[in-house]
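The values are calculated or read from the model by the stated rules, or taken from the named source; none is laboratory data. Bear in mind the structure is a predicted one, so any value in this text is a computation, not a measurement. Heads up, the Cβs are rebuilt from the backbone with ideal geometry, glycines too, and the neighbour counts pull from every protein chain shown. Note: accessible area is taken over every heavy atom of the protein model, side chains too, but ligands, DNA and RNA are not part of it. Shrake-Rupley method; radii C 1.70, N 1.55, O 1.52, S 1.80 Å.
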Amino acid sequence: MKPELLPPQQALPDSRGINLYEADASFAALLALYLDPRLHGHLRPHLERMGALAGDELDALAATADRNPPVLHHRTRAGEERQWIERHPSYRRLEEVAFADYGLAAMSHRGGVLGWPEPLPPAAKYALSYVYVQAEFGLCCPLSMTDSLTRTLRKYGEPALVARYLPGLTAQDLDALLQGSMFMTEQGAGSDVGGVVARAVKDGEAWRLYGEKWFCSNADAGLAMVLARPDGAPPGTKGLALFLLPRVLPDGSANSYRIVRLKDKLGTRDMPSGEIVLEGARGFLVGDPGRGFVQMTDMINLSRLSNGMRAAGMMRRSLTEALFVARNRIAFGRRLIDLPLMRRQLLKIMLLAEAARSVMFQAALELERADAGDDEARRRVRILTPLLKFRACRDARRATGDAMEVRGGCGYIEEWSDPRLVRDAHLGSIWEGTSNVVALDVMRAIRRERALEALQPALEAMAPEGAFGDALRAAIARAAAFAAKVARDRDDAHARQAATGLYYAAAAAILASEGTRLAATGDARRLLLAALVLEHRLNTRDPLQPAAPEAPFADLLLPETPVALSQANQLVKK
Ligand SMILES: Cc1cc2nc3c(=O)[nH]c(=O)nc-3n(C[C@H](O)[C@H](O)[C@H](O)COP(=O)(O)OP(=O)(O)OC[C@H]3O[C@@H](n4cnc5c(N)ncnc54)[C@H](O)[C@@H]3O)c2cc1C
């Protein structure tokens, strides 16, 4: 080897094997704000183990599963008509870790998961899933569907129906597990769910479902929630009823629906999304037949929150990879991280990733309070959910793409995690409601549920004392006034702009509140992040002037070491 050439492992830094939990310098401290200390202590070893798995075994499995998509079979080799989906063993192992080992789908619904006697709060579930999704995104759809279907069934289902299926839905034994899915979309009914034409026909005491469902992720799940229109019901969403569709009927026979084919997708290639034909399938009515869509909204909202968490996780993975490459790759005789223009790019990825993580944890906290009966919190999580789903999923497209570029040419090569992250990140903005539809839902939450009136004072209370806090409060007020006006005037054309402003105002406030509390233990990094969000996302800037404050921010934040409050205050004042 020529002496001027670095050994290959140094020339191309490879992050395989790093612990994705430990590599994330702020995570442990942040968790202390969102988890009760006893639970935090209990979960720490589980998070560490998940971090080690995600940075190594799960990452390798996800890459293999991505290259070996599921296959739909229609007949046995002996000619028997039977449908099943064959998944690669790597996907099975990913399922084992998520559903069985960690109980991620079960932990909200019963005690005993990970040795904790009670159901775990949303913040704990999202903390663990946030690390898992950094390796594997596709499987997080079945996980979230199982979790959210269980919640909706428990909320609205007849006790006997719940009792029959709850043990399977919350099982950690893969043979006993019943996974969940949601069959809503039809060719003529995507964003406009009111266009659903699938029929529900009364057959004595039972209901039979007929029609086609066009997008069915986790197509062969044991249980699906399905929207269909009972004969004679009115048009639009008001005429839709919600049904639980088991793949296997209580007598052991197969239910009457067929998976016609699987979709060939850009991302989530290892998870089967299919097209379904309902041929008189038996469905169990869930709740009130006139409120099917309203009830389904509960499942959709939980899935949207999970989507936001996944976007935050993918951005964190991208940031961890980009920082790793930047610290270890040499160009022009210097580490990439020492190059001013690169530091600026890294900081931009960090801003998006950290904003999403903070909004995600705040939403998780509000969800827990809402479920305990706090109506103000219910209205806050009602609006934080679409805000996060809309903006974080869009930001994930950009953050994953920008991080791919940090790895240079290798970032475009499928052996590395970057292309998969980019492909998967594009889905978040489409399923569970496109960006337009979800931004319009933010406006609906403001108009119909007075959600902004619950959110704005809470955000303002998070801003610290002093000049920075005043500037932050003013930005929150401006963002809220703009969103309120767009909602009131039904000015749909500006729904995305208004939702974007409100999201970043919320992110800046939550980051500032976290920063103030963590500064007491010696780290004011998140105050600086709040200032960055304010400067780059909420304040007006002249595109023809240098973004002056960035350099010292990058110097302080990129090494990911604690920042003293005095340093933060100096920068924040400027
Ligand atoms: C991989 C994948 C898996 C999926 N899995 C499932 C699943 O398991 N279950 C399920 O039920 N569905 C699933 N979907 C469907 C998904 O939720 C829909 O594709 C999505 O909601 C959009 O509906 P659509 O495709 O009919 O698009 P359309 O509704 O036709 O939208 C087309 C465009 O019009 C825009 N638009 C629509 N209404 C408005 C408006 N009022 N103002 C401005 N713009 C508007 C949209 O933003 C979009 O850009 C999946 C989709 C994908 C890609």
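Amide H contacts of Ile330 (H built 1.01 Å from N, in plane; Pro and chain starts excluded): no residue 5 or more places away or on another chain comes under 5 Å. Axis angle, to the nearest 10 degrees, between helix 140-156 and the longest C-alpha principal axis of the chain: 60 degrees.
The charge dipole of the stretch 197-240, taken about the Cα centre with unit charges on the Cβ atoms of Lys, Arg (+1) and Asp, Glu (-1), comes to about 180 debye, rounded to the nearest 20. Along the axis of the charge dipole computed for the stretch 157-266 (Cβ charges of +1 for Lys and Arg, -1 for Asp and Glu, origin at the Cα centre), the listed residues Gln179, Gly232, Leu209 are led at the positive end by Gly232.
Tilt of helix 375-406 relative to the longest C-alpha principal axis of the chain, in degrees (0 to 90, nearest 10)? For 375-406 against the chain, the angle is about 70 degrees. Computing Rg and the Kirkwood Rh from the Cα coordinates of the stretch 338-386 gives a ratio, Rg/Rh, of 1.30.
Compactness of the stretch 409-567 is given as radius of gyration and Dmax, 18.3, 50 Å, from Cα positions. Other residues whose C-beta falls under 10 angstrom from the C-beta of Trp214 contribute a net charge of -1, scoring Lys and Arg +1 and Asp and Glu -1. Electrostatic tally near Val201: other residues with Cβ closer than 14 Å to its Cβ, Lys and Arg +1, Asp and Glu -1, net +1. Between Lys202 and Asp298, the simple label model (points 7 Å from Cα in the Cβ direction) yields a spacing of 2.4 nm.
Between Gln83 and Ala11, full extension at 0.36 nm per residue minus the direct alpha carbon distance yields a gain of 21.0 nm.
Please give the Cα centre distance for the stretch 45-66 versus the stretch 399-477, rounded to the nearest Å. Going from one Cα centre to the other spans 25 Å. Under the combined filter of DSSP loop state and at most 13 neighbouring Cβ atoms within 10 Å, the stretch 422-492 retains these GluC sites (Glu not before Pro): Glu465.
Principal-axis analysis of the Cα atoms of the chain puts helix 37-54 at an angle of about 90° to the longest axis. In the assembled protein chains, Ile300 presents an accessible area of approximately 10 Å² (probe radius 1.4 Å).
Site pair Ala481 and Arg38 shows an inter-label distance of 4.8 nm when each label is modelled 7 Å from Cα along Cα→Cβ.
Along the axis of the charge dipole computed for the chain (Cβ charges of +1 for Lys and Arg, -1 for Asp and Glu, origin at the Cα centre), the listed residues Pro89, Ala106, Asn569 are led at the positive end by Asn569. For Val162, Val97, Val71, the ranking by accessible surface with the largest value first comes to Val71, Val162, Val97, using a 1.4 Å probe.
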